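Here's the structure, in structure tokens; my notes come after.
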Ligand SMILES: [Zn+2]
């Protein structure tokens, strides 16, 4: 389901040159569903077949404003068939997965993961997902003076910069002069970066398999201290000896005994955040060692320190030193 009623959609009218403008958008939307499809098909320019996605961009500019405001979202088919970039917010409903969304809108899973900075490890209904057509990252301009050159250089990794800039200009329908004189985007613009995927470097649960959480992040009655205190992480009960893997890649900054945490490993990530793994029965890694997400074994589950039974105490601490709910971070950064 598209999220139109809650007013999330209209920000797609903060369009950049590659996106359908408000008026045309309304028109397109007004057509809706099958009718929309039928009209789109009839709009195919001579020599272009709808199967090839060959809808003439000129077609859209022929529309006048004489259109009734309708539902504001074109069908996913429109996303697939319109050669221009379209993006919108989509609210996840029952039966949908990131895979079905990707194919419905004419993109792929990695593009949606990159655009949303979310690996979608956990999906819940009602989750708002930025959808778009085209393969690659839909970049949101967040700075005030971001230029074509700046963005292209940042994401060109291993590609020819000049060719990449040309692709961006074409894909986003920027004026051709952008290549010669440069181009500065407005804050909030969305830029399609064709073929760009992000290595999201997101968090995972630190086990190969997972059963449940026994104590969540937040205020709780402490079973040993017998009083209410804040639980800075989540407790995952597992049999003694179960291997613990890094939730995210990074460098070990602490390995050893740490008071109530017992045998503990701390891994710092490149953005400065830190994961803490407590109550281990055995530690495999040393401080200074680089560890890879879900590959390097950090240690084994135990019950060392202040613990009532075998479990892993798993904590995520932001670069500013604040503990956050680890479950809210899984699949994200
Ligand atoms: Zn705990």
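Every number in this text was worked out from the coordinates using simple rules, so none of it is lab data. Since the structure is predicted, the reported quantities are computational estimates derived from the model, not experimental observations. Cβ sites come from the backbone with ideal geometry, for glycine too, and all protein chains shown count toward neighbours.
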- Message: Need the C-alpha centroid separation for region 137-189 versus region 88-124, integer Å.
- Response: 25
- Note on the structure: At the level of C-alpha centres, the distance separating region 269-333 and region 232-253, in angstrom, is 5
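Could you put 295, 300, 187 in order, starting from the residue whose Cβ has the fewest other Cβ atoms within 10 Å?
Working: 295 9, 300 20, 187 12.
In order of increasing Cβ crowding within 10 Å: 295, 187, 300.
Once Rh for region 159-220 is found with the Kirkwood sum over Cα pairs, what is the Stokes-Einstein diffusion coefficient at 20 °C and 1.002 mPa s, in µm²/s? Before the final figure, lay out each step's value.
Numbers: Rh = 16.1 Å.
Using the Kirkwood radius from Cα pairs, D works out to 133 µm²/s.
Name the shape class, rounded, prolate or oblate, that the alpha-carbon gyration tensor gives for region 270-325, where a ≥ b ≥ c are the square roots of its eigenvalues, rounded holds for a/c under 1.5, and otherwise prolate holds if a/b is larger than b/c and oblate otherwise.
On the way: a/c = 2.35, a/b = 1.24, b/c = 1.90.
Oblate, because a/c is 1.5 or more while a/b does not exceed b/c.
Would you mind ranking 181, 296, 100, 107 by Cβ crowding within 10 Å, fewest neighbours first?
Least crowded to most crowded, the residues run 181, 100, 296, 107.
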- Kirkwood Rh over Cα pairs of region 218-329 into Stokes-Einstein at 10 °C, 1.306 mPa s: D in µm²/s? 114
- Message: For a bin width of 10 Å, list the pair-distance distribution of region 121-201 built from all Cα-Cα distances, rounded to whole %.
- Response: 16, 48, 25, 9, 1
